[in-house]
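The values are calculated or read from the model by the stated rules, or taken from the named source; none is laboratory data. Owing to the predicted nature of the structure, the values given are computational and were not obtained by experimental measurement. For neighbour counting, all protein chains shown are included, and Cβ atoms are generated from backbone atoms with ideal geometry for every residue, glycine included. For accessibility, only protein heavy atoms count, side chains too; no ligands or nucleic acids. Shrake-Rupley method; radii C 1.70, N 1.55, O 1.52, S 1.80 Å.
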Amino acid sequence: MTEKASKKAKGAKVAERAGEGAEGVKEIRGEVAAAPKFKQPWDGLLSFFTVFIWAYLVLQVFIHPVWGVATKMVRMNAFIASMPGMAMGNAELGLLLSLSNALNMELYPLGYIVDWVPYFIFCIVWFVTITVLARPFTPSRAKQPQTGIMVTALSMILAFVTWYILAMVLHWKGYEMIILATCCFLVFPIWATLFHYWPFVPKKPNVHPAVRGAVYAFISWILAFIIRGVVTFLIWSNPVATAFTQYLYGVPMVTLTPTEPYDFYNSLLLCIIVGAVAMSVISPFPSIPQPKRGLLNLGLAILAGVAMWGILTAVIGQSSQTVLLTAGSVPYLFTFPYVNHGAIAAYMAFPLVTLLAGQLTFGMWPWSRWGMKGSIALVVVSFVVGTILYYIFMVNPGMAVIFTGANLLLPVSGLETVYMFYLGIGLMLSSTGAIWNALVYCLYFEGVAEFLGRAVMFAWMLTVLIFFMLAYEAFEHWPWR
């Protein structure tokens with residue numbers, strides 16, 4: 001081999017270990033990928049199709065807002081809205097009893113949607129701990145699908161134990177667990193993606209993988225609880241302002257923006273997470289040693305995340321909220337502008353999924369052939385594709401409502417009958433007030449279906465789909481490889 005060829009080979013080795021894209025991380029972990037039966041992009045398409053089917057089955061069986069085993073969302077209490085002497089004309093009470101959701105956290109402390117979201121984020125966290133942080137630096141000789149099933153099952157069991165302790169033993173509310181889980185989602189992966197297993201690489205590469213994973217996990221849990229503590233303190237440092245954003249004029253049954261104090265920080269943390277994933281894909285400064293390189297990339301990820309958060313606040317964060325109020329027997333819709341940080345988080349889920357799919361499922365195809373320029377192109381394309389998907393599902397035509405089954409909430413629960421009743425009375429008796437009631441309730445209930453459809457779509461993509469996308473790496477893309 002010539003001197004020039006030798007230098008070129010050494011440079012390629014350094015580039016791989018430096019972590020350019022997903023292949024760099026796999027090389028550092030010592031994984032030897034199984035030979036694919038299909039070339040890219042077919043291997044990636046088949047793999048992503050498999051992941052999508054898994055995740056969608058979970059949505060249909062467990063999370064569906066009408067018949068999902070884990071939701072039990074439709075309570076069939078819409079008749080309360082027309083019971084004489086109890087709630088005459090107050091259809092919002094029927095809505096409250098029919099939908100067990102996060103909009104009324106004082107009645108449903110865990111509540112749908114926030115009951116299952118932290119669980120699946122904890123699934124992601126435990127998967128990273130088991131498969132990434134505690135993975136030995138040796139070629140994989142695991143039998144599939146046994147190994148993939150074992151890792152996935154263990155991750156889900158440990159996640160349930162974590163969720164059960166926080167929710168049932170310590171009585172944390174759903175959004176309190178989401179804050180902690182999001183902090184874990186930020187902290188746990190960076191030891192592999194940004195710091196490339198420093199200090200165990202290169203100082204102590206022979207440490208037992210269980211010990212190495214335990215050390216990383218212990219430090220990560222401490223950091224996650226610290227970040228969560230800071231966020232919680234900032235949320236409730238001004239309880240008057242925080243309470244006002246949750247309830248209209250202090251009336252607990254009339255929710256305003258109940259999740260806004262939490263969405264403010266969750267959207268920021270999610271932007272930083274996307275920034276960290278982007279930096280792990282681009283992986284600049286290969287000549288800088290660790291931990292300086294990891295700290296520099298983490299700093300750039302934070303700056304990029306804060307910048308994206310600020311831009312998105314001005315671009316898609318401006319929204320309005322409509323509240324149903326009743327004056328006497330006449331309902332009114334009260335609309336006011338506010339910053340919707342939940343929309344920012346919902347948007348970021350789409351580029352994050354497309355970025356992870358390009359990095360893991362498609363193995364950086366075809367961008368790996370162009371080095372760092374290709375990695376930057378993957379990040380850009382992921383944002384473009386993610387924006388298009390966000391617009392289709394969340395904006396126009398708003399396919400999230402149909403995709404998640406939220407369009408079935410009104411007819412199945414009986415809430416649709418409420419405003420049809422008022423409409424019938426109004427037409428038969430020529431009552432303008434009854435027709436007005438029917439129109440207001442119609443708009444209000446349809447708005448609820450749209451809100452829940454978008455919320456479920458965002459939460460499903462960010463938690464369930466990403467978890468199964470990561471879990472499929474433990475299967476080593478079986479049976480396609």
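Points to keep in mind about this one:
- Backbone HN-Hα couplings from phi across the stretch 463-469 [Karplus 6.51/-1.76/1.60, Hz, Gly and Pro as x]: 10, 5, 5, 5, 4, 5, 5
- Per residue, the stretch 262-322 exposes 41 Å² of solvent-accessible protein surface, assessed with a 1.4 angstrom probe and all protein chains in place.
- Among the listed pairs Lys204/Lys292; Lys204/Lys373; Lys39/Lys143, those with a Cα-Cα distance over 27 Å are Lys204/Lys373.
- 5 angstrom amide H check on Tyr112, placed H, neighbours 5+ away: Asn101, Ala102
- Other-chain or far-sequence residues with amide H under 5 Å of Tyr338's (modelled H): Ser319, Ser320, Gln321
- Rounded FRET efficiency, nearest 0.05, which uses the C-beta distance separating Val381 from Ser430 and R0 of 51 Å: 0.30
- Here the Kirkwood formula, the inverse mean of 1/r across different C-alpha pairs, assigns the stretch 340-481 a hydrodynamic radius of 17.9 Å.
- Accessible area expressed per residue, the stretch 369-435, with surrounding protein chains retained (probe 1.4 Å, Å²): 54
- Protection proxy ranking, peptides 168-181, 186-199, 38-51, average beta carbon neighbours within 10 Å, highest first: 186-199, 168-181, 38-51
- Summarising the label geometry, the points placed 7 Å from Cα in the beta-carbon direction at Phe62 and Tyr338 lie 3.1 nm from one another.
- Inverse of mean 1/r across different Cα pairs in the stretch 442-481, Kirkwood, Å: 12.1
- Relative compactness, the stretch 409-481, computed as alpha-carbon Rg over 2.2 N^0.38 Å: 1.93
- Full-extension gain in nm, Phe49 to Phe225, via 0.36 nm per residue minus C-alpha separation: 59.8 nm
- Per residue, the accessible area of the stretch 159-222 comes to 44 Å², computed with a 1.4 Å probe over protein heavy atoms only.
- Tail fraction, Cα-Cα pairs, the stretch 261-388, threshold 18 Å, whole percent: 61
- Within the stretch 388-429, all pairs of alpha-carbon atoms sorted by distance into 10 Å bins from zero give the percentages 26, 30, 26, 16, 2.
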